[in-house]
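Below is one structure; the comments refer to it alone.
The values are calculated or read from the model by the stated rules, or taken from the named source; none is laboratory data. Keep in mind the model is a prediction, meaning the values are calculated, not measured. Note: ideal-geometry Cβ built from the backbone for every residue, glycine included; neighbour counts use all protein chains shown. Note: accessible area is taken over every heavy atom of the protein model, side chains too, but ligands, DNA and RNA are not part of it. Shrake-Rupley method; radii C 1.70, N 1.55, O 1.52, S 1.80 Å.
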2 protein chains.
Amino acid sequence: MNRPQRAVASHPKGIVPAYRGLYQRLRSEILSGRLAAGARLPSSRTLASQLGVARGTVEVAYQMLAGEGYTIGDGARGTIVNPALPRGKRPRSYETAAGQSDEAQPEAPVHATPLLFQPGLPALDAFPRKAWARIAVAVSRQLDFEQMAFPGHLDPMGYAPLRRAIASYLRIARDISCSADQILITAGFQGALGLIVQTLLEPDDKVWVEDPGYFQAHWLLRGMPLRMVGVRVDEEGLDVGAGTATHSDAALALVTTTHQFPLGMTLPVDRRLALLDWADRQRAWIVEDDYDCEVHHRGLPPPALKSLDRNGRVLYVGSFSKVLFPGLRVGYVVVPAALSDRFAHAARAAQPAPALMTQKLVEGFMSGGHFARHLSRMRSLYTERCKALATALEDAMPQRLQISLTDGGMHFVARLRGKTSAAEIVTRLRAKNVGPSALSLCALRGGGPNGLIVGYPNVAKEDAASAAQRMLAAMR
Amino acid sequence: MNRPQRAVASHPKGIVPAYRGLYQRLRSEILSGRLAAGARLPSSRTLASQLGVARGTVEVAYQMLAGEGYTIGDGARGTIVNPALPRGKRPRSYETAAGQSDEAQPEAPVHATPLLFQPGLPALDAFPRKAWARIAVAVSRQLDFEQMAFPGHLDPMGYAPLRRAIASYLRIARDISCSADQILITAGFQGALGLIVQTLLEPDDKVWVEDPGYFQAHWLLRGMPLRMVGVRVDEEGLDVGAGTATHSDAALALVTTTHQFPLGMTLPVDRRLALLDWADRQRAWIVEDDYDCEVHHRGLPPPALKSLDRNGRVLYVGSFSKVLFPGLRVGYVVVPAALSDRFAHAARAAQPAPALMTQKLVEGFMSGGHFARHLSRMRSLYTERCKALATALEDAMPQRLQISLTDGGMHFVARLRGKTSAAEIVTRLRAKNVGPSALSLCALRGGGPNGLIVGYPNVAKEDAASAAQRMLAAMR
C-alpha cells in the first residue's frame, strides 16, 4: 500500500511558532468575547490531538494565556476563561441543566413571548407540551442506525410511517384520496414550494400568485428564475377569470383555497372548477396551499380542491406549522400519482425531508392520538377566542376598526377607517410590543384596502377586553 | 361584525349519508392496513368535533365497523382496530416505550445496520450517544416560544449561539477568519448548495464540478437551470488549468479541497492560488466543500482554501454529517462578509435552517465540550481503522485490489485489477450485504479508473481480517 509523499498545501503566511500562533488565536477568541468568560478550554491533550500538534505546544500557549490573566485554573476541572474579564458573558450550558435535574428550567429565550396579536402563531398555551416532550425523549434515546444514517440511504420521500399517517389523516379530514406513495415530507411550506418549482418548472415560466397573497411565497418566488404574476383577489377569493384572461399561459398557479391568505374567504366551487379546467386545458399545475384548513369555525372545512382533481394537476401542500407549531418546520406535498417517481427522483438529490428525529416525533404524536385530540381542542378554543377578540376590538374602537369574520383561519383582518396608513399604525404599535401586520405586506403592488392582520390565538377569551384596550392605548 | 353567509364549496359527489361515508372511509383505511391492527380510534366525540359532524354520525359508523368485526372494544380505553385482522400489523408507539421506562429500547429500524464498507457513514459505535441524548432531553423540555415560533421571526441565518460556536471552531481548527455574522446554518450540504446557487447564479450559468466528483452534488445541480461542466481531476486534484482553458467563463466552481471526493488527495497550494486567481479575474465564485476535513490522518489538516481568500470569492461549506452523523442534516456556509446581507435576505425567504430544536442540540454538544472530545477520539480511531482495513483487504486479495491511502477522509479507494467492472462487483457484493460503491458513480462521463469506494469507519481493527474475508467470499 502506498502513501503519496507529496507536499500538502501549506499556509503562505510567515513562519510563526506553533505555540505563538495558537496563543494568538485563542487570545483573540477571548478578547472578542467569542470564547466567553467562564468557558472551559479543552484539555491540552484533547486540543493537541484535535489540531495535530504536540501537547507541549498547547501547554506553552495555555501558560502564556494564564500568565497574562486570560484564563484561570478551575481545580481538577481544568482551565477556564477568566470570568472576571470585562467583555465576557457566562456561556449557556444545557449540560448543567440536564445533569442536575429532570425538571430543567428553560433559559430566557431571545424573544420571550409573542407580540400581542402576532399573526402566524397557534395558541402556544394550548399545545400539549408534556406529551410532546415525552415522545421527544423517547425518540432522542432511539439513536439507532436509521436515525443516524444519511437520509439518502432511506426513503427520499421521507419517513414512511409518517407518510402513512398523513395520507390517512388527509383521506379522512380533507377528503383527499391519496396513498402514502404520493406524500413527500418537506421542510415546511418553503421546502415544498422550492422542490415543486425545481421539479416542474422551466426558467422564465409564469407563476400566478394571489394579490394580496402570502408574502413568504412572494419572497420565495422572487428569488427564483420565474415570472411571478399577481392575479387579483376579489371578495370571493382568487379571480380565476382575470387570471385566465390575462395570463392564460402560466405554468403554475399558487392558491390558498380553504382560507384565502390573508383575507380568509373560501374559494367557491365554481371558481375551483374553472381553475381546474384551466389547468387541464393548459397542462398547468396548481399548488394548493392549505395552510390552516384545520382552523375552521363553522362545521366541517370544505373538501380540498385536490379532492376535485381528476387529471392530476393539483399539488396539495400542507404543513404542521399551524396545527403544531411553526418552529417545527415539517410540511408535506401530495403529488399526483403520475409524478410520484419524478418527485422521488428530485427528492433523492434535494433531500427536502427534515432530520428523521423530527419526523419520528411528529409520527409518534399522530399515532399516539395526540394530534386528533389537539385538533379537536383547538377547534373550539379558536372559535371562542376569535369571536371574543373581534368583539372586544370593535367595542373598543368602533370608529376606527371594522372586522368581518370569515369561516376560519388563525387571524382576522381589521379594516382601518380614517386616513392613517396601516404601515404607520403598525410602526406605532410595534414600539409597544403590539404586533399585528399591515395588510399591505401581502399586496404585490401598492394600494389595496387599509387594514391589519390580527392574530387572535394567543389571547385568552377573558383577556380580550384588556388586550383591546392595550391596542387602543398603543394606537394613540 | 358581519359574517358572510355565502355558500362554501361543497363536494360534487352524489349524496351519501354522512355516517355511511365515514364508515366507508374508515373501513378502507383498515382494509388497506393504513389504520393498522391494534390502532386506537379517536373517541366518537373527538372525531365528531374534528370532522364537524354530529357525534351520533360517528357512533353509527363505529357501530357498523364493530358489527362487521373491523374494530373491537378495548374496555375503558375505547375502540381499537381488531388485532386479529389478517392484513394488519401492530402500530409503533413511542408513547408506550417512553411511559414505561426511561431506558426505552429502540425498535428494529428499517435498515438495522449499515452495510459492510458502506461509504459516507462515520463510526456509529464511537458516537457519544449518552451525552447526545442528555442534551436532546434538555432541549426537548425547553419547548419555549423561541423553539415554537416561526423561524422567520428569529434570525434567518440560524441560531446565533450555534453560529458563534461554529465561527470559533473554524477560526481555531480551519484557520478561517470569520465572524458569526458570516455563518449561515443550512439543512446539510444540499441546503447550502441550493441556497448558494439560488442567491448567486443566473439561469444558464456555467458551473464547474470535479470529474470524478461528489455524485450528490452532480444530482443536485442537474435539477437546476444551470450548465454543469465537468473539469477533470488528475493525481493532484482538480485540474484548474484544464478548467480555465476550456470553461474560463464559468460563474462558479465547486471543489473539494482538503480531501478530493472520491479520490482523497489534497489540492496543492499552487492550484489553490490558481483557482483563486481565476475567480478574482473572472469575478466567479468558489464553493469549497470541506466535507470531511476533520478526518485527517497525518497531523493538522491543511488550512482551508477559504483562509487564502483575499477578495471574498470563496463560500466555505461545512457539515456535521461526517463529524456527528448524516441523519442530523445540519450544515453551514461561511459567506464572504460582503455577501452577508444578501444571504440573510435570501435566507429570510428560503429559511434553510433546520428546526431550532436541532440547532440547539448541536450547539449544546459543542459548548459542552463533547464536540472537541469526539473529534479528538475519532481522529486516532479512524487512522487505526483505516490502516487495519486497507492492510487486511490487500492481504486477502493481493491480485485483485490495490489500495493507495491518502492523508485523510472517511473512505479509501481500492482499484480493481482484472476485467470485471466495479459496477458488476458492487451488484454481486450488495446481494451479500457488502456495500462499497463503484468509483464510476462519481464520474460524469463513462470511463475513469475501475475501483471501489470503501467506507472503513464501521469496521473495528480486530474485525478487519474477517471483514476482508467476507468481502472475498462475496466477490466470488
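If the requirement is being farther than 26 Å from B:Ala474 by Cα and either touching an Asp or Glu at 6+ places or on another chain (Cβ under 7 Å) or hydroxyl-bearing (Ser, Thr, Tyr) (or both), which of these qualifies: B:Ser367, B:Ser404, B:Ser437?
B:Ser367
For the condition at pLDDT below 70 and β-branched (Val, Ile, Thr), what is the one hit in B:Val60, B:Val16?
The match here is B:Val16.
I need a count of the residues in region B:177-207 that are of a type in the set (A, V, I, L, M) and either over 26 Å from A:Ala355 (Cβ atoms) or within 7 Å of chain A (Cβ to nearest Cβ) (or both).
Residues meeting the conditions: 4.
Which of the residues belonging to region A:128-142 are facing chain B (nearest Cβ under 7 Å) and open to solvent by 10 Å² or more (accessible area, probe 1.4 Å)?
A:Arg129, A:Ala133, A:Arg134, A:Val137, A:Arg141
Give the residue that is farthest from the other protein chains (Cβ to nearest Cβ), with candidates limited to residues of region B:24-59 that are touching a Leu at 6+ places or on another chain (Cβ under 6 Å) and under 17 Å from A:Arg373 (Cβ atoms).
B:Val58
Of all residues in region B:438-459, which are open to solvent by 20 Å² or more (accessible area, probe 1.4 Å) and under 26 Å from the mean Cα position of the chain (by Cα)?
Hits for region B:438-459 are B:Ser440, B:Leu441, B:Ala443, B:Leu444, B:Arg445, B:Asn458.
Might you check whether a residue that is part of a helix (DSSP H, G or I) and at pLDDT below 80 occurs anywhere in region A:73-95?
Checked region A:73-95: at least one residue is part of a helix (DSSP H, G or I) and at pLDDT below 80.
If I ask for residues that are crowded, with 20+ Cβ neighbours inside 10 Å, within 18 Å of B:Leu124 (Cβ to Cβ) and out of contact with any Pro (no Cβ under 7 Å at 6 or more places or on another chain), which ones from region B:380-404 would you list?
B:Cys386, B:Ala388, B:Leu389
So A:Arg377 ticks every box in (1) under 17 Å from B:Thr46 (Cα atoms); (2) more than 7 Å from chain B (Cβ to nearest Cβ); (3) in contact with a His (Cβ under 8 Å, 6 or more places away or on another chain) but one. Which box is left unticked?
(3)
Among A:Leu300, A:Leu305, which is the only one that is of a type in the set (A, V, I, L, M) and over 21 Å from A:Val209 (Cβ atoms)?
On inspection, the qualifying residue turns out to be A:Leu300.
Which residues, taken from region A:24-49, are in a helix (DSSP H, G or I), of a type outside the set (D, E, K, R) and modelled with pLDDT of 80 or more?
Selection gives A:Leu26, A:Ser44, A:Thr46, A:Leu47, A:Ala48, A:Ser49.
Could you tell me which numbered condition A:Gly369 fails, if it satisfies all but one of (1) touching a residue at least 40 places away in the same chain (Cβ under 8 Å); (2) within 30 Å of A:Glu462 (Cβ to Cβ)?
The single condition A:Gly369 does not satisfy is (1).
Assess whether A:Asp125 counts as being under 29 Å from B:Phe189 (Cβ atoms) and either among the acidic types (Asp, Glu) or within 7 Å of chain B (Cβ to nearest Cβ) (or both).
For A:Asp125, the condition - under 29 Å from B:Phe189 (Cβ atoms) and either among the acidic types (Asp, Glu) or within 7 Å of chain B (Cβ to nearest Cβ) (or both) - is not met.
Sort through A:Val333, A:Val269, A:Val323 and tell me the only one that's more than 8 Å from every other protein chain (Cβ to nearest Cβ) and within 20 Å of A:Glu210 (Cβ to Cβ).
The match here is A:Val333.
From the list A:Pro109, A:Pro114, A:Pro151, exactly one residue is open to solvent by less than 50 Å² (accessible area, probe 1.4 Å), modelled with pLDDT under 90 and either more than 8 Å from chain B (Cβ to nearest Cβ) or under 30 Å from A:Ala349 (Cβ atoms) (or both). Which is it?
Unique residue meeting the criteria: A:Pro151.
In region A:164-176, what count of residues is obtained for those that are at the interface with another protein chain (Cβ under 10 Å from one of its Cβ atoms) and closer than 23 Å to B:Met357 by Cα?
Counting residues in region A:164-176 that are at the interface with another protein chain (Cβ under 10 Å from one of its Cβ atoms) and closer than 23 Å to B:Met357 by Cα gives 1.
Residues A:Gly318, A:Gly312, A:Gly364, A:Gly299: which one is buried (at least 24 other Cβ atoms within 10 Å of the Cβ) and not in a helix (DSSP H, G or I)?
Result: A:Gly318 is the single residue among A:Gly318, A:Gly312, A:Gly364, A:Gly299 that is buried (at least 24 other Cβ atoms within 10 Å of the Cβ) and not in a helix (DSSP H, G or I).
Every residue, every condition in (1) within 22 Å of A:Ala149 (Cβ to Cβ); (2) at pLDDT below 95, yes or no:
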{"site": "A:Leu308", "(1), (2)": "no, yes"}
{"site": "A:Val323", "(1), (2)": "no, yes"}
{"site": "A:Val334", "(1), (2)": "no, no"}
{"site": "A:Ala338", "(1), (2)": "no, yes"}
{"site": "A:His345", "(1), (2)": "yes, yes"}
{"site": "A:Pro352", "(1), (2)": "yes, yes"}
{"site": "A:Thr358", "(1), (2)": "yes, yes"}
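Report whether or not B:Ala390 is at pLDDT below 90 and at the interface with chain A (Cβ under 8 Å from one of its Cβ atoms).
It is false that B:Ala390 is at pLDDT below 90 and at the interface with chain A (Cβ under 8 Å from one of its Cβ atoms).
Can you pull out the residues in region B:239-290 that are over 13 Å from B:Leu315 (Cα atoms) and aromatic (Phe, Trp, Tyr)?
B:Phe261, B:Trp278
I need the full set of residues from region A:218-257 which are basic (Lys, Arg) and more than 14 Å from chain B (Cβ to nearest Cβ), in order please.
A:Arg232
Which of the numbered conditions does B:Ala346 fail, given that it passes all the others? Conditions: (1) surrounded by fewer than 20 Cβ atoms within 10 Å (Cβ to Cβ); (2) in a helix (DSSP H, G or I).
Tallying (1) surrounded by fewer than 20 Cβ atoms within 10 Å (Cβ to Cβ); (2) in a helix (DSSP H, G or I), B:Ala346 fails exactly one: (1).
Confirm whether A:Lys419 is out of contact with any helix residue (DSSP H, G or I) (no Cβ under 8 Å at 6 or more places or on another chain) and at pLDDT below 90.
yes
Consider A:Ala347 carefully, then state whether it is more than 7 Å from chain B (Cβ to nearest Cβ) and under 14 Å from A:Thr186 (Cα atoms).
yes
If I go through region B:405-430 residue by residue, how many of them are open to solvent by less than 50 Å² (accessible area, probe 1.4 Å) and within 12 Å of another protein chain (Cβ to nearest Cβ)?
8
Anything in region A:164-187 that is over 22 Å from the mean Cα position of the chain (by Cα), under 16 Å from A:Val314 (Cβ atoms) and part of a helix (DSSP H, G or I)? List them, or say none.
Correct list: A:Arg171, A:Gln182.
With (1) more than 16 Å from B:Leu170 (Cα to Cα); (2) charged (D, E, K, R); (3) open to solvent by less than 20 Å² (accessible area, probe 1.4 Å) as the list, and B:Asp289 as the residue in question, which single condition is left unmet?
(1)
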